[in-house]
Amino acid sequence: MSLTSNAKFSCPYCMEINDIEIDPDNDIGQQQIADCQICCSPIEILITQDNDNDFVIQARTDSE
């Protein structure tokens, strides 16, 4: 059984869909930097959970 979950988010630079693995024990509330899988631009990612325990991924450019 995997302890991670897969999620998708849109790159704030090229708007293409990217995949991310989320480890709920370690990634919730943590800010991360990841390169876009398409355009290779650096993306600031913040993963939170809503009231239904669904993941909320905020992806921003490094200049926002």
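Quote to one decimal, in nm, the extra length available between residue 41 and residue 6 on full extension: 0.36 nm per residue of separation minus the C-alpha distance between them.
Contour length minus Cα-Cα distance gives 10.5 nm.
Whole number in Å², please: accessible area per residue of the chain, 1.4 Å probe, ligands, DNA and RNA not counted. Could the numbers behind the result be given before it?
Values: 4440 Å² over 64 residues.
Accessible surface, normalised per residue, equals 69 Å².
So in the chain, which Cys have no other cysteine's beta-carbon sitting under 4.7 angstrom from theirs?
Result for the chain is 40, no neighbouring Cys Cβ within the cutoff.
If you wrap a convex hull around the Cα atoms of the chain, how much volume per residue is inside, in Å³?
Convex hull volume per residue, Cα atoms: 90 Å³.
Can you send over the carbon and sulfur percentage of the accessible area for the chain, probe radius 1.4 Å, protein chains only?
Roughly 44 percent of what the probe reaches on the chain is carbon or sulfur.
The values are calculated or read from the model by the stated rules, or taken from the named source; none is laboratory data. None of these values were measured; they are calculated from a predicted model. No Cβ is skipped: glycine too gets one built from the backbone with ideal geometry, and neighbour counts run over all protein chains shown. These area figures cover heavy atoms from the full protein model, side chains too; ligands, DNA and RNA do not enter into them. Shrake-Rupley method; radii C 1.70, N 1.55, O 1.52, S 1.80 Å.
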